[in-house]
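To start, the structure itself, in structure tokens.
Derivation of every value follows stated rules applied to the coordinates shown; laboratory data play no part. Please read all numbers here as calculations on a predicted model, not as lab measurements. For neighbour counting, all protein chains shown are included, and Cβ atoms are generated from backbone atoms with ideal geometry for every residue, glycine included.
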Amino acid sequence: MDQLNLFAVVAAAVSSFVIGGLWYSPLLFQRVWMAANNFKESDLQNANMAMIFGLSFVFALVMALNLAMFLNAPDTTLSWGATAGGLTAIWVALGIGTVALFERRPWSYTLVNGGYWLVALVVMGAIIGGWR
């Protein structure tokens, strides 16, 4: 643990929020994501956003710390960090896809959410791997 760059871990967690803010915005995939979840605008307004964002950040920190522990070798580079993040995203996306199959969700649900985690984890890995 004493060899981990905790600033990089926090930056990686924050990056997932920045990417998510853009990914799920009207500029990119908000409409597709809402349709895949059968959400209406009113559904989004009636949520406890403090709890959602607070717990999501805790989860992002745990994920970034976990990824940092896997990348905690002296020869880790930005490139290997990004690759490890991408390989991790395969597990996450297939997990989302498995749940989506049983929940009878449309393929767009898996593509939007799995795509987000692919981008987010590649960036998280790059930050952790590059900021040694």
Among (1) 13.3, 40; (2) 15.7, 49; (3) 15.7, 54, find the value of Rg and Dmax of the Cα atoms in Å that was calculated from the structure presented, and write down its label. (2)
Find the centroid of the Cα atoms in the range 1-41 and in the range 105-119, then give the distance between the two in whole Å. 12 Å
Sorted by mean Cβ packing within 10 Å, highest first, what order do the peptides 104-112, 49-57 take? 104-112, 49-57
Cα-centre dipole for the chain with unit charges at Cβ (Lys and Arg positive, Asp and Glu negative), debye to 20: 260 debye
Identify the residues of the range 100-130 with backbone N under 18 Å of a label point that sits 7 angstrom from the Cα of L4 along the Cα-to-Cβ direction, or state none. 121-130
Tilt, helix 6-23 to longest principal axis of the chain (alpha-carbon atoms), in degrees rounded to tens, equals 30 degrees
To the nearest 10 degrees, the tilt of helix 107-130 (Cα long axis) against the first principal axis of the alpha carbons of the chain is 20 degrees
C-alpha long axis of helix 49-70 to longest principal axis of the chain, angle in °: 40 degrees
Note: Q30 to A47 extended length (0.36 nm per residue) minus current alpha-carbon separation gives 4.5 nm
Report the equivalent ellipsoid semi-axes for the range 43-91 in whole Å, largest first, defined as the square roots of five times the eigenvalues of the gyration tensor built from alpha carbon atoms. 31, 12, 7
